[in-house]
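To start, the structure itself, in structure tokens.
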Amino acid sequence: MKEAELAAHLGLKGSQLAARKRARRLQAAESNTLYVMALAYVKLAGFKSPEEARAWMTSPCEALKGARPIDFLRTRIGAEYVMIAIDRMRPAPALPRRVVEEEEEQEEELA
């Protein structure tokens, strides 16, 4: 993400972000927003490439009524909606082979 984009998502101007970087300190709300952004990207990294994650975060999302997920991350409730949307997109884990074999055996017994 470019610094200008990051500044905008944190609600800062470019010069304010530069000053924060020099001071090596963000205000609490900015720090929280950055943390939530990182958390969302980490969750997406479990099943999307970095490019796909970036595209999803910056594109309109049907689960968020057409809003961009990255724009929701500034508030706690918005961040919760984004995390729920990510969880719903996550592919279901594959069943262990033993469970699949047991299900097949049960189906054969019923037939």
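Read the figures in this text as sums done on the coordinates, not as results from a lab. Keep in mind it's a predicted model, so treat the numbers as computed, not measured. Positions of Cβ are generated from backbone atoms using ideal geometry, with glycine treated the same way; all protein chains shown enter the neighbour counts.
Of all residues in region 11-42, count the ones that are within 16 Å of the chain's Cα centre (by Cα) and of a type outside the set (Gly, Ala, Ser). Outline the logic, then answer.
First, pick out the residues of region 11-42 that are within 16 Å of the chain's Cα centre (by Cα): 32-42.
Within this subset, residues satisfying the condition of being of a type outside the set (Gly, Ala, Ser) are 32-37, 39, 41-42.
The total comes to 9.
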Report, by residue number, each residue of region 8-31 that is at negative phi, surrounded by fewer than 17 Cβ atoms within 10 Å (Cβ to Cβ) and not basic (Lys, Arg). Ala8, Gly14, Ser15, Gln16, Ala18, Ala19, Ala23, Gln27, Ala28, Ala29, Ser31
Quick count over region 44-99, residues being in a helix (DSSP H, G or I) and exposed (fewer than 11 other Cβ atoms within 10 Å of the Cβ), is 10
